[in-house]
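Engineer: One structure is given below, represented as structure tokens, and several questions about it will come after.
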Amino acid sequence: MKIRNKIAVTFAGIVSFVLLFSFSMIYYLSAHYMEKDFYSLVLDKANLTAWKYFEQDEMSPTVYAKVLSSYAKSLPDAEEIVLDTKDKKLVTDSLGKIVPLELAANLLKGKTIKFSNLNKQSIGIYYPDNQGNFVVIITAVNGIGHQQLQKLFELLLLIFSISILFMFLIGQLYAKNILHPIVNILRNIKKIRVTNLNLRLSESAGNDELAELTRTFNQMLDRLENSFTLQRNFIHNASHELKNPITAILGKAEIALGKQRSADEYTKTLSEIMTEAERLDLLTRNLLSLAQTDFDLSTLANEEIRLDELIWDIKEHFDKTRYTGRIEVHFSIIPEISELVTIAGKPGLIRIAIENIMDNACKFSGQQKVEVNLNATQKNIQLLIADKGIGIPETERKDLFQPFFRASNALAFKGSGIGLSLVHKIITMFGGTIEIASMAGNGTTVIINFEREEQNS
């Protein structure tokens with residue numbers, strides 16, 4: 001069942017319940033008050049009957065004539081039973097055939113009773129007189145009342161049926177009006193394909209749920225379009241970057257095998273092949289690391305990472321390479337509480353990010369020192385890696401985190417342009433932020449911040 005029909009049925013169902021309850025109360029109260037009024041008429045008939053039979057000698061002819069007139073007009077079809085209570089056994093036996101036993105006892109004690117049998121309503125009164133004590137029982141059928149109740153029932157049923165049909169139609173129109181924006185959204189969504197991800201839904205003004213849904217969907221399209229663009233660029237650039245060293249390796253191997261050469265020439269060729277293989281290995285590892293950050297790692301538990309220990313470990317690693325002695329580490333404080341310099345994350349990925357930054361700093365700063373500063377407070381951990389190298393042109397800094405982007409003044413250095421994109425993904429994955437302050441010819445400072453209160457264990 002479509003939502004439009006569900007809304008209409010639900011709307012009609014709710015209205016039906018309300019109407020059914022209201023009409024039931026109307027019918028019940030009408031029947032109750034009609035019965036109460038009719039019992040009053042029967043009681044009047046009982047009193048008039050008693051006056052007719054026992055009060056003639058105590059009334060003037062004029063008054064008695066009025067009693068007879070009222071008696072004749074009041075419930076002319078009513079049944080009358082008048083019993084003398086002198087013979088109690090006879091009265092009791094007679095009442096037992098007419099009135100329930102408990103009511104008969106109350107009647108003989110002088111109480112007025114009322115009871116019903118099928119459609120008949122009866123009133124019994126105890127009437128003491130100078131001629132003796134009597135019991136008067138009047139039984140009548142409220143024919144007019146029953147007809148009125150039947151007509152009321154039929155009228156309410158007709159109104160109920162028409163109302164349900166009317167409410168269902170109103171519900172259909174209401175649902176159509178409410179769902180119209182959603183229908184438009186669905187119609188526009190069906191037009192969006194991989195080939196036209198630039199299309200967007202029309203956003204309406206306001207802060208209702210539909211406006212928020214449209215904005216959220218457009219934001220999702222922005223992310224999808226960006227992801228597809230990055231994917232196309234990644235495939236294009238990755239294939240190009242991988243092709244270069246592979247082509248170089250195959251070309252040099254083919255030349256070396258083309259004819260017999262000396263040992264020095266073979267050594268030189270193998271050295272060149274080794275250089276290209278190392279470049280290919282670094283590029284492959286960076287591509288794999290970049291791809292790894294695209295997986296959902298939320299199902300893997302984070303580990304506690306002490307940044308001070310990790311930095312010292314990375315420095316020791318670089319001291320065993322051609323960058324030995326180039327990195328200087330400074331801590332603004334020596335944390336007595338390890339939690340001050342502890343973050344939650346994946347140690348392998350965090351290490352890759354920091355190593356990439358330090359490697360870039362060493363590569364682009366000649367033989368100058370690279371300074372690493374770690375600052376920690378109760379709320380924030382800040383890592384600064386500064387070099388005095390070639391810097392980055394101001395107009396190009398906005399593209400630094402794009403995969404395979406390389407600054408114009410860095411093309412003379414070996415690299416693939418993956419490093420900073422990889423670093424940015426890793427840092428943001430674990431709740432950190434990264435900024436780069438640089439100017440061409442004046443060095444570069446990379447600033448990484450982790451808000452401690454946002455860390456997830």
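Engineer: Using the beta-carbon distance between THR433 and VAL183 and R0 = 60 Å, what value does 1/(1 + (r/R0)^6) give for FRET efficiency, to the nearest 0.05? Present the calculation step by step, with values, prior to reporting the outcome.
Structural biologist: Numbers: r = 42 Å, r/R0 = 0.70.
Once rounded, the FRET efficiency stands at 0.90.
Engineer: Between THR284 and GLU254, what length comes free when the chain is fully extended (0.36 nm per residue of separation minus the Cα-Cα distance, one decimal in nm)? Spell out each step's value before the answer.
Structural biologist: Working: separation 30, 0.36 × 30 = 10.80 nm, distance 2.30 nm.
Additional length available on full extension: 8.5 nm.
Engineer: Another question about this same structure. With N residues in the chain, what two-decimal value do you get for its Cα radius of gyration over 2.2 N^0.38 Å? Present the calculation step by step, with values, prior to reporting the outcome.
Structural biologist: On the way: Rg = 50.2 Å, N = 457, 2.2 N^0.38 = 22.6 Å.
Ratio of Cα Rg to 2.2 N^0.38 Å: 2.22.
Engineer: If you don't mind, there's one more thing I want to ask. Hey, which lysines would be in cross-link range of LYS259, C-alpha to C-alpha under 20 Å, not counting anything within fewer than 8 residues on its own chain?
Structural biologist: LYS268
Engineer: Same structure again: Starting from one equal scatterer on each C-alpha and no solvent at all, send me the Debye-based log10 I(q)/I(0) for segment 88-167 at q = 0.14, 0.16, 0.21, 0.25 Å⁻¹, two decimals.
Structural biologist: Listed by q, the Debye log ratios stand at -0.60, -0.69, -0.93, -1.13.
Engineer: Could you sort out which of LYS66/LYS120; LYS379/LYS425; LYS97/LYS151; LYS36/LYS89; LYS66/LYS114 sit more than 30 Å apart by Cα distance in this structure? Please report the intermediate quantities before stating the final value.
Structural biologist: Numbers: LYS66/LYS120 27 Å; LYS379/LYS425 22 Å; LYS97/LYS151 34 Å; LYS36/LYS89 33 Å; LYS66/LYS114 26 Å.
Cα-Cα > 30 Å for LYS97/LYS151; LYS36/LYS89; rest within.
Engineer: Along the Cα→Cβ direction, 7 angstrom out, place labels at GLU154 and SER408. What is the inter-label distance in nm?
Structural biologist: 9.6 nm
Engineer: Please turn the phi angles of segment 250-266 into ³J(HN,Hα) values with the Karplus equation 6.51 cos²θ - 1.76 cosθ + 1.60 (θ = phi - 60°), one per residue in order, whole Hz, x for glycine and proline.
Structural biologist: So the Karplus estimates, Gly and Pro as x, are 5, x, 5, 5, 5, 5, 4, 8, x, 7, 5, 10, 7, 4, 5, 5, 5 Hz.
Engineer: Hey, another quick one. By per-residue mean of other Cβ atoms within 10 Å, what is the highest-first order of 253-264, 21-32? Write down the numbers at each step before the final one.
Structural biologist: Numbers: 253-264: 10.2, 21-32: 12.5.
With the highest mean Cβ count within 10 Å placed first, the list reads 21-32, 253-264.
Engineer: Let me ask something additional. Taking only the alpha-carbon positions of segment 3-148 and ignoring solvent, what does the Debye formula give for the base-10 log of I(q)/I(0) at q = 0.11 Å⁻¹?
Structural biologist: Calculated log10 I(q)/I(0) at the listed q: -0.54.
Engineer: A further question on this structure: Going 7 Å from the Cα of PHE115 toward and past its Cβ, which residues in segment 25-49 have a backbone nitrogen under 15 Å from where you end up?
Structural biologist: none
Engineer: Oh, and also: Once you keep just the Cα pairs under 8 angstrom separated by 6 or more residues, what percentage relative contact order results for the chain?
Structural biologist: Numbers: 547 pairs, mean separation 49.5, N = 457.
Reported as a whole number, the value is 11 percent.
Engineer: At ILE81 and ASP93, where each label point lies 7 Å from the Cα along Cα→Cβ, what is the point-to-point distance in nanometres?
Structural biologist: 1.5 nm
Engineer: In what sequence do HIS180, HIS146 fall when counting other Cβ within 10 Å, fewest first? Numbers along the way, then the final one.
Structural biologist: On the way: HIS180 11, HIS146 14.
So the residues, fewest neighbours to most, are HIS180, HIS146.
Engineer: Still on this structure, I have one more. Treating only the Cβ of Lys, Arg, Asp and Glu as charged (+1, +1, -1, -1), what charge dipole size does the chain show about its Cα centre? Round to the nearest 20 debye. If you can, show how the numbers build up before the last one.
Structural biologist: Values: 50 positive and 52 negative charges, 302 e Å.
Charge dipole of the chain: 1460 debye, to the nearest 20.
Engineer: Shifting gears a bit: Can you compute the label reach from LYS379? Point 7 Å from Cα along the Cβ direction, backbone N cut-off under 17 Å, restricted to segment 418-452.
Structural biologist: Only 432-433, 449-452 pass the distance filter.
Engineer: Rounded to the nearest 0.05, what FRET efficiency do GLU451 and PHE17 give with R0 = 51 Å and r taken as the Cβ-Cβ distance? Could you check? If you can, show how the numbers build up before the last one.
Structural biologist: On the way: r = 53 Å, r/R0 = 1.05.
About 0.45, to the nearest 0.05.
Engineer: So, one more: Set the Förster radius R0 to 30 Å, insert the Cβ-Cβ distance between LEU68 and TYR28 as r into 1/(1 + (r/R0)^6), and round the FRET efficiency to 0.05.
Structural biologist: Working: r = 38 Å, r/R0 = 1.27.
Once the sixth-power term is evaluated, E becomes 0.20.
Engineer: For segment 371-384, what does the Karplus curve 6.51 cos²θ - 1.76 cosθ + 1.60, with θ = phi - 60°, yield as ³J(HN,Hα) per residue in whole Hz, taken in order and with x for Gly and Pro?
Structural biologist: 9, 10, 10, 10, 10, 9, 10, 5, 10, 9, 10, 10, 10, 10
Engineer: Let me ask something else about it. With the contact rule set at Cα under 8 Å and sequence spacing of 6 or more, what percent relative contact order holds for segment 303-454? Mind showing how you got there, number by number?
Structural biologist: On the way: 276 pairs, mean separation 36.3, N = 152.
Rounded, it is 24 percent for segment 303-454.
Engineer: On to the next question. By count of other Cβ within 10 Å, fewest leading, how are TYR323, TYR174 ordered?
Structural biologist: Numbers: TYR323 18, TYR174 15.
Listing TYR323, TYR174 from fewest to most nearby Cβ atoms yields TYR174, TYR323.
Engineer: Using the Cα centre of segment 68-193 as origin and beta-carbon charges of +1 (Lys, Arg) and -1 (Asp, Glu), tell me which of LEU152, ALA72, LEU186 is placed farthest towards the positive end of the dipole.
Structural biologist: Projecting each Cα onto the dipole axis, the largest value belongs to LEU186.
Engineer: A follow-up question, please. How do the peptides 82-94, 439-451 rank, highest first, by the average count of neighbouring beta carbon atoms within 10 Å per residue? Before the final figure, lay out each step's value.
Structural biologist: Numbers: 82-94: 13.5, 439-451: 17.8.
Descending mean neighbour count gives 439-451, 82-94.
Engineer: What's the exposure ranking of MET429, MET274, MET167, going from fewest to most Cβ atoms within 10 Å?
Structural biologist: In order of increasing Cβ crowding within 10 Å: MET274, MET429, MET167.
Engineer: Under a crude label model (7 Å from the Cα following the beta-carbon direction), how far is ASP399 from HIS146 in nanometres?
Structural biologist: About 9.7 nm, to one decimal.
Engineer: Right, here's the next one. Once phi is turned into ³J(HN,Hα) by the Karplus curve 6.51 cos²θ - 1.76 cosθ + 1.60 with θ = phi - 60°, what whole-Hz value does each residue of segment 172-185 show in order, with x for glycine and proline?
Structural biologist: Residue by residue, segment 172-185 yields 4, 5, 5, 5, 4, 5, 5, 8, 4, x, 5, 4, 5, 4 Hz.
Quick note: the coordinates plus some simple rules give every number you see, no bench work behind them. From a predicted model like this one, the values you see are computed outputs, not experimental measurements. Positions of Cβ are generated from backbone atoms using ideal geometry, with glycine treated the same way; all protein chains shown enter the neighbour counts.
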